[in-house]
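Here's the structure, in structure tokens; my notes come after.
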Amino acid sequence: DNYWHMGIPGPGGPDSELFLDRGPDFGPEGDIEKAGDRYLEFWNLVFMQVRLSAVRAKDDFDVAEDLPAKNIDTGMGLERMAMLLQAKGSIYEIDEVAPVLERAAELGGRRYGVDHTDDISLRVVADHVRSGLMLISDGVTPGNEGRGYVLRRILRRVVRSMKLLGVDEPTLPELLPQSYQMMRRSYPELDTQWDRISAVAYAEEQAFRQTLRSGTTMFDLAATRTRSAGDVTLSGSDAFALHDTYGFPIDLTLEMAAEQGLSVDEVGFRQLMAEQRAMSKADARAKKGQHADLSAYREVLDTAGPTDWQAYQALSTESRVVAMLREGSATHELGVGDVGEVILDRTPFYAESGGQNADAGSFSWDGGTAEVLDVQRPVRGLVVHQVRIVTGSLHRDSTVQTQVDPQWRLGACQAHSGTHVVHASLRQVLGPTALQSGSYNRPGYLRLDFGWGSALTETQVRDVEDVANEALRKDLPVSATLMTLPEAQAAGALALFGETYGERVRVVEIGGEWSRELCGGTHVSRSAQIGTVVVTSESSVGSGNRRVEAVTGLEGFRYLARERRLVRDLSELLKAQPGDLVGRVGELLDRVRAAEKELTRSRAEVLLSRAGDLAAGAVDVSGASYVGKLVDGAGTTDVRTLALDVRGRLAPERPGVVTLVGTTDGKPSVVVAVNDRAREAGLRAGALVKVAAGSLGGSGGGKDDVAQGGGTDATAAATALARVERAIVDGLGGVPSDGGPVT
């Protein structure tokens, strides 16, 4: 008499549910549906046997047909079972979760079970700390998309929830170790990864605390603006700006809005998010020559079958054109100058995947040639070549000779094998927790992203480079073997978290266990063929993520040759030996800094010497002393110093306003300074500088006594000064100046 379905057309069937009677403390005896928390479901079994064509209610639906493969879908919550066996009120009170909740309550000076709002925050913290711990242990690092974004939201919600509990200090260093101690009994691999896990989590909290401070200010301004307009709904554009600029997930904005009695235009927010995603996808597809509609590719796959992919075995093949597309639509011919997509029955071209760029090369046939621009896999099993017809015309069913550029492929193999070598070197220098989180390589170049909480020292970078080149010098054998995923894992092969692997995987080894990774790329046969590995940079690509870039093969040698020429040229220019260059350049820098200081001091003296003349030239504007001048060649700092000096020379018993416009490199800056009498009369520097900066094509602001701004149009300086004078007249209710001196 019970039925399960998803509420929409799809599979369903009778459902057997198992409940535990938790006793009278949890509610009255009686109907399971009406007894509150007394009867708790801990297991269910759905006998999936039909496909529903329409669903109107839980017990009102149409059955279309029997499922071709009936099955039993079973679900039992391990944590819910632990809760029942441990006689706890909720999963937040079981042995693996409660210590985190209790520590969070202690830090916030709260007690669990007293206040409903506090209890929600404490449960969020207990759940999310553990989730974050396990995600990082699986190789996930905080990011702005995919699994990294999920982790980022989880950790940031912990910080936000602790803030709601009144804790403003960093809390993950207190909470994460609690979860680690409880979970390590079930997951002993946490012991070997704890240093990396904690470094990633703590760095993310530190970054978000800074974001939270600035983002909260922007939220408060948006909330104030909303209430001032008599509205109670924060706009979708405001919510999107908080997300796009400050990384605020929508649920955080919803929480903060609710605290201030506001709602959020979620529909508008999600529309803007959808537009941004659509633009990003369209841009990515445009760069790859792909189209949003994959139906044309699937149709080719259904009719012609999968591509016979021979990238591991050959650099050329004789192939037949099975389909061609132009701008997403099928075509039977491509002529000279046309760019289109060509699908062959077999191909030696490597399609971009696994971080490796696509092969370059050409097609040739009787009467024509084409250049291969890109190679992709829009749908599984189908290799699509983007080509430009150079000569002749290409027709469907034509026979073509494919040719991968051998030098391009060699460079690609060197770079991809070099990526594995750099990864192994990083793990040897930094430890096993330095796991790859992403990579990209093309002929002669590689970059590798890895989870790490701090910048590498110069010594560590040099050590990574040395270990890598030592592996090249040993000329280690490189091999690729197909095996099942369990076999690969048992052999210790590294797999990237989040990647999808089939039943059989390709394991690439360099020197046996020295480097053993799951990989579908092309590689050299021995490590010495990589030529060289030269690390060119190490940088941050987000909280807890670092990036190493390097060049390999001929590009590596060219890079070193350029460095050598640079040293030689500098040695000749500075008349110094290569070993003395650092000291010699340091001396020159010291001399330049000293000269700049002296120049700044001299320039300031010259400017300040004009203060007396400028003050003496003040004109009367509605009873105020006004100085408005253009100071060519002076930057904002100099103009500010001069304006304050001039203001100090004006008669203190009457209102005084100084407006100076300086110019450097054709760009104007403006400073307005007013004295006490002017402020008493209602004149404000912050308001006056906006008038001036607006005329200059910019903006400005500041305090009531002194403010500054900038712009883009230095030719409007006279207009800016005149408009400030007009504003003084309006502010004092007087008459414009006759240009005469103050009397």
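The values are calculated or read from the model by the stated rules, or taken from the named source; none is laboratory data. Nothing here was measured: the structure is a model prediction, and the numbers come from that model. So basically every Cβ, Gly included, is an ideal-geometry build from the backbone, and we count neighbours across all protein chains shown. The accessibility values were calculated without ligands, DNA or RNA, using every heavy atom of the protein model including side chains. Shrake-Rupley method; radii C 1.70, N 1.55, O 1.52, S 1.80 Å.
Considering only the stretch 653-684, state which residues are in a loop (DSSP other than H, G, I, E, B), under 13 Å from residue 728 (Cβ atoms) and either of a type in the set (D, E, K, R) or in contact (Cβ under 8 Å) with a residue 60 or more places away in the chain (or both).
Of everything in the stretch 653-684, those that are in a loop (DSSP other than H, G, I, E, B), under 13 Å from residue 728 (Cβ atoms) and either of a type in the set (D, E, K, R) or in contact (Cβ under 8 Å) with a residue 60 or more places away in the chain (or both) turn out to be 654, 655, 684.
Residue 190: hydrophobic (A, V, I, L, M, F, W, C), modelled with pLDDT of 85 or more and in contact with a Lys or Arg (Cβ under 9 Å, 6 or more places away or on another chain), yes or no? Write out each step before concluding.
Numbers: hydrophobic (A, V, I, L, M, F, W, C): yes; modelled with pLDDT of 85 or more: yes; in contact with a Lys or Arg (Cβ under 9 Å, 6 or more places away or on another chain): yes.
Against the criterion (hydrophobic (A, V, I, L, M, F, W, C), modelled with pLDDT of 85 or more and in contact with a Lys or Arg (Cβ under 9 Å, 6 or more places away or on another chain)), residue 190 qualifies.
Which is more than 17 Å from residue 144 (Cβ to Cβ), of a type in the set (Phe, Trp, Tyr) and free of Cβ contacts under 8 Å to residues at least 60 places away in the same chain, of 219, 240?
Details: 240 fails: more than 17 Å from residue 144 (Cβ to Cβ).
Among 219, 240, only 219 is more than 17 Å from residue 144 (Cβ to Cβ), of a type in the set (Phe, Trp, Tyr) and free of Cβ contacts under 8 Å to residues at least 60 places away in the same chain.
Considering the stretch 43-88 alone, what residues qualify as being open to solvent by 40 Å² or more (accessible area, probe 1.4 Å) and under 30 Å from residue 122 (Cα atoms)?
43, 76, 78, 79, 80, 81, 85, 86, 87, 88
Is it true that residue 424 is of a type in the set (A, V, I, L, M) and either open to solvent by 10 Å² or more (accessible area, probe 1.4 Å) or assigned to a loop (DSSP other than H, G, I, E, B) (or both)?
On the way: of a type in the set (A, V, I, L, M): yes; either open to solvent by 10 Å² or more (accessible area, probe 1.4 Å) or assigned to a loop (DSSP other than H, G, I, E, B) (or both): yes.
Considered against the rule, which asks whether it is of a type in the set (A, V, I, L, M) and either open to solvent by 10 Å² or more (accessible area, probe 1.4 Å) or assigned to a loop (DSSP other than H, G, I, E, B) (or both), residue 424 comes out as yes.
How many residues does the stretch 529-582 hold that are touching a residue at least 60 places away in the same chain (Cβ under 8 Å) and of a type in the set (D, E, K, R)?
Within the stretch 529-582, residues that are touching a residue at least 60 places away in the same chain (Cβ under 8 Å) and of a type in the set (D, E, K, R) number 5.
Residue check, residue 257 against (1) open to solvent by 70 Å² or more (accessible area, probe 1.4 Å); (2) closer than 23 Å to residue 228 by Cβ; (3) modelled with pLDDT of 85 or more, all met but one. Which one?
So the condition that residue 257 fails would be (1).
Kindly evaluate residue 215 against the criterion of being out of contact with any strand residue (DSSP E or B) (no Cβ under 8 Å at 6 or more places or on another chain) and either within 18 Å of residue 139 (Cα to Cα) or not in a helix (DSSP H, G or I) (or both).
Details: out of contact with any strand residue (DSSP E or B) (no Cβ under 8 Å at 6 or more places or on another chain): yes; either within 18 Å of residue 139 (Cα to Cα) or not in a helix (DSSP H, G or I) (or both): no.
In short, no.
Looking at the stretch 345-383 only, could you name the residues that are among the acidic types (Asp, Glu) and closer than 18 Å to residue 445 by Cβ?
Within the stretch 345-383, 352, 359, 374 meet the criteria.
Just checking, does the stretch 597-612 include any residue being in contact with a strand residue (DSSP E or B) (Cβ under 9 Å, 6 or more places away or on another chain), in a strand (DSSP E or B) and either closer than 30 Å to residue 550 by Cβ or of a type outside the set (A, V, I, L, M, F, W, C) (or both)?
Within the stretch 597-612, none of the residues are in contact with a strand residue (DSSP E or B) (Cβ under 9 Å, 6 or more places away or on another chain), in a strand (DSSP E or B) and either closer than 30 Å to residue 550 by Cβ or of a type outside the set (A, V, I, L, M, F, W, C) (or both).
Condition first: of a type in the set (S, T, N, Q) and farther than 20 Å from residue 134 by Cα. Now tell me which residues in the stretch 176-225 satisfy that. Break it down stepwise before answering.
Of the residues in the stretch 176-225, the ones of a type in the set (S, T, N, Q) are 178-179, 181, 186, 192-193, 198, 206, 210-211, 214, 216-217, 224.
Within the stretch 176-225, 210, 211, 214, 216, 217, 224 qualify.
For the stretch 196-226, give me the residue count where each residue is surrounded by 13 or more Cβ atoms within 10 Å (Cβ to Cβ) and over 18 Å from the mean Cα position of the chain (by Cα).
Pass one, the stretch 196-226, residues surrounded by 13 or more Cβ atoms within 10 Å (Cβ to Cβ): 196-209, 211-212, 215-216, 218-219, 222-223, 225-226.
Adding the requirement that they be over 18 Å from the mean Cα position of the chain (by Cα) leaves 196-199, 216, 218-219, 222-223, 225-226.
Final tally of qualifying residues: 11.
Within the stretch 177-194, identify whether any single residue is of a type outside the set (Gly, Ala, Ser) and within 19 Å of residue 110 (Cα to Cα), and answer yes or no. Steps first, please.
Narrowing the stretch 177-194 to residues of a type outside the set (Gly, Ala, Ser): 177-178, 180-185, 187-194.
Imposing the further condition that a residue be within 19 Å of residue 110 (Cα to Cα) reduces the set to 178.
Checked against the condition, which is being of a type outside the set (Gly, Ala, Ser) and within 19 Å of residue 110 (Cα to Cα), the stretch 177-194 yields at least one hit.
Here are some conditions: (1) of a type outside the set (Val, Ile, Thr); (2) under 30 Å from residue 720 (Cα atoms); (3) exposed (fewer than 14 other Cβ atoms within 10 Å of the Cβ); (4) at pLDDT 90 or above. Residue 593 meets all but one. Which one does it not meet?
(2)
Under 6 Å between Cβ atoms, at least 6 apart or on separate chains: pull out the pairs that start in the stretch 22-34 with a residue that is closer than 19 Å to residue 81 by Cα and end on any residue that is open to solvent by less than 40 Å² (accessible area, probe 1.4 Å) and of a type outside the set (A, V, I, L, M, F, W, C).
The qualifying pairs are 22/38; 26/38; 32/39.
Which members of the stretch 701-719 meet the condition of being in contact (Cβ under 8 Å) with a residue 60 or more places away in the chain and either small (Gly, Ala, Ser) or farther than 18 Å from residue 658 by Cβ (or both)? It would help to see each step written out before you state the result.
At the first step, the residues of the stretch 701-719 found to be in contact (Cβ under 8 Å) with a residue 60 or more places away in the chain are 706, 708, 710, 717-718.
Answer for the stretch 701-719, where residues must be in contact (Cβ under 8 Å) with a residue 60 or more places away in the chain and either small (Gly, Ala, Ser) or farther than 18 Å from residue 658 by Cβ (or both): 710, 717, 718.
For the stretch 173-190, which residues satisfy the criterion of being assigned to a helix (DSSP H, G or I) and open to solvent by less than 70 Å² (accessible area, probe 1.4 Å)?
Filtering the stretch 173-190 for residues assigned to a helix (DSSP H, G or I) gives 173-183, 190.
If the condition is that a residue be assigned to a helix (DSSP H, G or I) and open to solvent by less than 70 Å² (accessible area, probe 1.4 Å), then 173, 175, 176, 177, 178, 179, 180, 182, 183, 190 are the ones that fit.
Only helices (runs of 4 or more DSSP H) wholly contained in the stretch 84-172 count here; list those with 3 or more residues that are hydroxyl-bearing (Ser, Thr, Tyr). Lay out the reasoning, then the answer.
Numbers: elements: 98-108, 116-137, 146-164.
The qualifying helices (runs of 4 or more DSSP H) are 116-137.
So, of the residues in the stretch 299-313 that are touching a residue at least 40 places away in the same chain (Cβ under 8 Å), outside any strand (DSSP E or B) and closer than 23 Å to residue 523 by Cα, which turns out to be most open to solvent (accessible area, probe 1.4 Å)?
The qualifying residue most open to solvent (accessible area, probe 1.4 Å) is 312.
Residues that are at pLDDT 90 or above and buried (at least 21 other Cβ atoms within 10 Å of the Cβ): does the stretch 607-614 have at least one? Show your work before the answer.
First, the residues of the stretch 607-614 that are at pLDDT 90 or above: none.
No, the stretch 607-614 contains no residue that is at pLDDT 90 or above and buried (at least 21 other Cβ atoms within 10 Å of the Cβ).
Please give the number of the condition residue 513 fails out of (1) in contact (Cβ under 8 Å) with a residue 60 or more places away in the chain; (2) farther than 30 Å from residue 205 by Cβ.
That leaves (1) as the condition not met.
So, of the residues in the stretch 314-330 that are open to solvent by 30 Å² or more (accessible area, probe 1.4 Å) and free of Cβ contacts under 8 Å to residues at least 40 places away in the same chain, which turns out to be nearest to residue 405 (Cα to Cα)? Reasoning before the result, please.
Start the filter on the stretch 314-330 by keeping residues that are open to solvent by 30 Å² or more (accessible area, probe 1.4 Å), which leaves 315-316, 318, 320, 326-327, 329-330.
If we keep only those that are free of Cβ contacts under 8 Å to residues at least 40 places away in the same chain as well, we get 326-327, 329-330.
Working: 326: 24, 327: 26, 329: 29, 330: 28 Å.
My answer is 326.
Any idea how many residues of the stretch 112-150 are open to solvent by 50 Å² or more (accessible area, probe 1.4 Å), under 21 Å from residue 173 (Cα atoms) and of a type in the set (Lys, Arg)?
Here the count works out to 1.
Would you say residue 551 is within 30 Å of residue 203 (Cα to Cα) and surrounded by 15 or more Cβ atoms within 10 Å (Cβ to Cβ)?
Numbers: within 30 Å of residue 203 (Cα to Cα): yes; surrounded by 15 or more Cβ atoms within 10 Å (Cβ to Cβ): yes.
Considered against the rule, which asks whether it is within 30 Å of residue 203 (Cα to Cα) and surrounded by 15 or more Cβ atoms within 10 Å (Cβ to Cβ), residue 551 comes out as yes.
Looking at residue 629, is it open to solvent by 80 Å² or more (accessible area, probe 1.4 Å), outside any loop (DSSP other than H, G, I, E, B) and either hydrophobic (A, V, I, L, M, F, W, C) or touching a residue at least 24 places away in the same chain (Cβ under 8 Å) (or both)?
On the way: open to solvent by 80 Å² or more (accessible area, probe 1.4 Å): yes; outside any loop (DSSP other than H, G, I, E, B): yes; either hydrophobic (A, V, I, L, M, F, W, C) or touching a residue at least 24 places away in the same chain (Cβ under 8 Å) (or both): yes.
Taking the combined requirement at face value, the residue satisfies it.
Please find, among 419, 402, 369, 391, the residue that is among the hydroxyl-bearing types (Ser, Thr, Tyr), touching a Gly at 6+ places or on another chain (Cβ under 9 Å) and closer than 24 Å to residue 136 by Cα.
Details: 402 fails: closer than 24 Å to residue 136 by Cα; 369 fails: closer than 24 Å to residue 136 by Cα; 391 fails: closer than 24 Å to residue 136 by Cα.
So the residue among 419, 402, 369, 391 that is among the hydroxyl-bearing types (Ser, Thr, Tyr), touching a Gly at 6+ places or on another chain (Cβ under 9 Å) and closer than 24 Å to residue 136 by Cα is 419.
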